[in-house]
Amino acid sequence: LNVTEEKFVLDTVAGCTEYKSMLDVVVNAFYVQDGRYCPISDHNLYIVICYLATFQLEEIGLQCFSRIVKSLDTAKMQQFLRFFFNDLYLNTWIKDEWCHFYDSEYVKENLIDPLLRWQPKMQQLIEKLTDKLSNHTTTVKTSRVTQPREFNLTVPKPRAIPPPSPAPLPVLPKRRPVPPSIYKPPKERKQLEEIKTKNIQKAKVSVFCLLHVCKGDPFSLNTLPVQGTILTGREIDPFLPQYLEVVWESVLAQYFEELTKQPQDLIDNIPIKLNTAAILREGALYQRKLEEELKRIENLQQGAGDPSEFLEWQKQMRGKDLEEQLTEIECRRLQGKLSYEEAVLAHQNVIQENKKKADLLREEKAELMHLYTEKRLQEQKEIKELVEQVMEGHKNVKQAKAKIQEYKQQIVQQVCEESGELLRQALEEKEDENRKRYELIQQIRAIESTPSIRHKFVDLTETGGHGLFGEMSIVELRECLALLKEAQKAAEEEKRDQIIHEKQAKEQFILDKLDQISQFRAELGRAAALKQEEKKKSQSGERPMKDERILNLQKKIVEKTMERKKQAGLL
């Protein structure tokens with residue numbers, strides 16, 4: 001169909017669906033009165049003609065309507081049009097029934113009056129159809145005789161020649177036993193593991209010895225002569241982990257002190273890449289600060305007090321508290337250092353006591369070694385006497401071993417004969433099983449070679465015939481699916497355009513926020529620089545005063561270190 005015809009068909013179907021209840025009144029009455037012998041399958045045909053005559057006659061014209069009517073069955077159209085364009089029916093019960101669906105004035109002006117105006121011309125059309133029926137000569141159709149046809153049977157394929165029977169299975173030779181060395185790990189792996197553990201132990205001992213050598217100077221590891229140095233017989237210091245911890249704390253303190261000496265501008269000017277959430281969060285922060293500042297200025301204009309004096313006093317008090325906290329921290333650090341010096345002295349005293357105990361243990365060890373050597377000599381004499389007795393007994397054992405060897409050979413020969421018989425029986429059973437399996441395969445192949453007809457013709461334009469409402473064929477289903485896919489694609493395109501517009505608006509909003517944040521940062525940077533200069537000026541006039549507790553602790557630490565060095569010299 002072209003575009004005009006397709007539009008006309010779609011409008012007609014839509015109108016018949018919309019006014020179906022009103023048109024059913026006329027068609028059902030026609031089946032009751034004049035169309036008692038008409039087939040019920042023509043119900044939709046009468047609904048379409050009734051819709052065209054009632055609503056579309058003014059638009060399509062009488063000529064087009066006459067062509068549609070003449071293209072259909074003449075008797076059916078003549079009978080239905082004579083019933084529908086009856087003056088009595090239109091003015092009485094058809095008008096009353098249609099008034100149940102619409103207003104009476106609308107029915108009279110828009111439906112009944114146009115039909116009455118077209119009635120004279122419709123009467124001429126009905127007369128033409130009547131004349132055509134009277135001059136029509138009926139032709140009797142002769143029934144065709146069914147002629148039989150031969151069945152189109154498939155020619156069966158010739159049967160394949162069965163393959164020859166399989167050859168008997170060969171007798172396998174007796175296999176060799178698996179050597180026991182396969183299940184044992186190689187000796188080289190065990191030797192490598194032992195060498196690895198020894199190297200690890202040597203490395204640990206050498207590291208601890210080096211650390212023990214440099215315990216007097218924390219940074220003397222770099223100055224030790226590595227080549228030609230021999231470390232033997234030195235005890236590992238049990239206090240070494242605590243000493244290394246103190247050295248590590250001093251290195252960390254020096255590193256943080258260097259970090260604090262770096263200029264603050266370098267730290268503040270590090271570029272940071274912001275994401276969308278960070279930009280919005282910072283923008284909200286600056287907006288909140290701006291609102292607070294405006295609110296404070298508004299309160300000052302209304303006569304509220306300036307909290308700057310209170311804030312200055314609060315700042316001074318916090319500074320004093322901070323100084324006290326720093327003093328307390330310094331005292332704790334010095335107390336820890338003092339306890340470290342005392343612990344070193346106690347450790348040196350423990351070393352002296354351990355040396356005395358070691359001397360006593362060496363003496364006891366020498367006495368025990370002397371007793372052990374005497375006992376070992378006595379045991380060796382007893383073992384020699386026992387070996388002489390055993391050698392005499394071995395001469396009698398050789399004859400008994402020869403007899404046992406002959407008995408074992410006889411047993412092995414019997415076992416070999418029995419195993420050969422069992423193997424022969426197993427081979428016979430296997431041959432019988434293979435023969436049965438071959439016969440079964442031949443039967444299956446013969447069944448599969450028989451032809452089978454598996455043709456099923458499917459008409460995609462026919463419905464399933466299940467009697468369901470809205471039942472469609474596969475072709476109709478494919479057309480509906482194509483329409484749904486086009487609608488879905490149009491919705492996706494519309495959604496994609498909407499997302500793009502929203503994204504562009506959001507990016508513009510983020511750019512505006514970035515400009516606002518850069519302005520706020522510049523202002524805050526200027527204020528911070530001014531504040532830093534004022535702070536430097538205020539700090540230049542002050543001189544730090546040390547607390548008395550810190551001075552006393554420093555004196556005690558100096559005394560303890562001198563005492564520790566003297567004790568180390570004596571050691």
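The values are calculated or read from the model by the stated rules, or taken from the named source; none is laboratory data. Predicted model, so just to flag it, every value in this text is computed and none were measured. Every residue, glycine as well, gets a Cβ built from its backbone with ideal geometry; the counts of neighbours run over all protein chains shown. With ligands, DNA and RNA removed, areas are computed over all heavy atoms of the protein, side chains included. Shrake-Rupley method; radii C 1.70, N 1.55, O 1.52, S 1.80 Å.
For ILE383 and GLU448 in one chain, what is 0.36 nm times their gap in residues minus the Cα-Cα distance, to one decimal in nm? Walk me through the intermediate numbers first.
Values: separation 65, 0.36 × 65 = 23.40 nm, distance 8.67 nm.
Extra length from ILE383 to GLU448 when fully extended: 14.7 nm.
In the structure displayed, which of LYS7/LYS108; LYS20/LYS76; LYS315/LYS535; LYS320/LYS536; LYS70/LYS121; LYS174/LYS408 lie more than 23 Å apart, Cα to Cα? Before the final figure, lay out the partial values.
Working: LYS7/LYS108 29 Å; LYS20/LYS76 20 Å; LYS315/LYS535 13 Å; LYS320/LYS536 17 Å; LYS70/LYS121 15 Å; LYS174/LYS408 21 Å.
Over 23 Å apart, Cα to Cα: LYS7/LYS108.
Can you bin segment 418-510 into rounded, prolate or oblate? Criterion: square roots of the alpha carbon gyration tensor eigenvalues sorted a ≥ b ≥ c, rounded for a/c under 1.5, prolate for a/b above b/c, oblate for the rest. Spell out each step's value before the answer.
Values: a/c = 7.00, a/b = 2.08, b/c = 3.36.
It is oblate, given that a/c is not under 1.5 and a/b is not larger than b/c.
Per residue, how much accessible area does segment 1-144 show when a 1.4 Å probe rolls over the protein heavy atoms, in square angstrom?
Details: 9030 Å² over 144 residues.
With the other protein chains kept in place, segment 1-144 gives 63 Å² per residue.
For segment 362-374, take each phi angle, set θ = phi - 60°, evaluate the Karplus expression 6.51 cos²θ - 1.76 cosθ + 1.60, and give the result in whole Hz per residue in order, putting x for glycine and proline.
Working through the residues one at a time gives 5, 4, 4, 5, 5, 4, 5, 5, 5, 5, 5, 5, 5 Hz.
Tell me, what is the FRET efficiency for LYS198 and ARG333 to the nearest 0.05, using R0 = 56 angstrom and their Cβ-Cβ distance as r?
The pair LYS198/ARG333 has a calculated efficiency of 0.80.
Could you give each residue of segment 4-16 its phi-based ³J(HN,Hα) in whole Hz, using Karplus coefficients 6.51, -1.76, 1.60 with θ = phi - 60°, and x for Gly or Pro?
Listing the rounded values in order: 5, 5, 5, 5, 5, 5, 5, 5, 5, 5, 5, x, 5 Hz.
Let a ≥ b ≥ c be the square roots of the eigenvalues of the Cα gyration tensor of segment 1-160; is it rounded (a/c under 1.5), or, if not, prolate (a/b larger than b/c) or oblate? Please report the intermediate quantities before stating the final value.
On the way: a/c = 2.50, a/b = 1.95, b/c = 1.28.
Prolate is the answer for segment 1-160, as a/c is 1.5 or above and a/b outweighs b/c.
How long is the gain from VAL13 to THR276 if the chain were fully straight, where each residue apart is worth 0.36 nm and the alpha carbon distance is subtracted? Show your work: numbers first, answer last.
On the way: separation 263, 0.36 × 263 = 94.68 nm, distance 5.49 nm.
Between VAL13 and THR276, full extension yields 89.2 nm more.
At 7 Å along the Cα-to-beta-carbon direction for both MET472 and GLU433, put a label point, then send me their distance in nm to one decimal.
Spacing of the two 7 Å Cα→Cβ label points: 6.0 nm.
Mind jotting down the three principal axis lengths of segment 344-412 based on Cα atoms? Whole angstrom, largest first.
The Cα atoms of segment 344-412 stretch 84, 32, 5 Å along their principal axes.
Is the shape of segment 1-53 rounded, prolate or oblate, going by the alpha carbon gyration tensor and its root eigenvalues a ≥ b ≥ c, with a/c under 1.5 for rounded and a/b larger than b/c for prolate?
On the way: a/c = 3.40, a/b = 2.08, b/c = 1.63.
It comes out prolate by the Cα gyration axes.
For LYS132, list the aspartates and glutamates whose Cα falls under 17 Å from its own Cα; do not include residues on the same chain fewer than 8 positions away.
Qualifying aspartates and glutamates at Cα under 17 Å: ASP73.
Can you compute the FRET efficiency between ILE500 and CYS64 using 1/(1 + (r/R0)^6), with r the Cβ-Cβ distance and R0 = 45 Å? Round to the nearest 0.05.
Values: r = 49 Å, r/R0 = 1.09.
Efficiency, rounded to the nearest 0.05: 0.40.
Percent of accessible area on segment 3-135 owned by carbon and sulfur, 1.4 Å probe? Working shown, then result.
Values: 4010 of 7580 Å².
The C+S portion of the solvent-accessible surface of segment 3-135 is 53 percent.
What number comes out for accessible area per residue over segment 346-433 if the probe is 1.4 Å? Units Å², please.
On the way: 8570 Å² over 88 residues.
It amounts to 97 Å² per residue over segment 346-433.
Can you pull out the GluC sites (Glu not before Pro) in segment 417-522 that DSSP calls coil and that have at most 10 other Cβ atoms within 10 Å?
Here the sparse-neighbourhood loop sites are GLU462.
Just subtract the alpha-carbon distance of ASP512 and ARG288 from 0.36 nm times their residue separation and send over the number in nm, one decimal.
Details: separation 224, 0.36 × 224 = 80.64 nm, distance 1.66 nm.
The ASP512-ARG288 span can extend by a further 79.0 nm.
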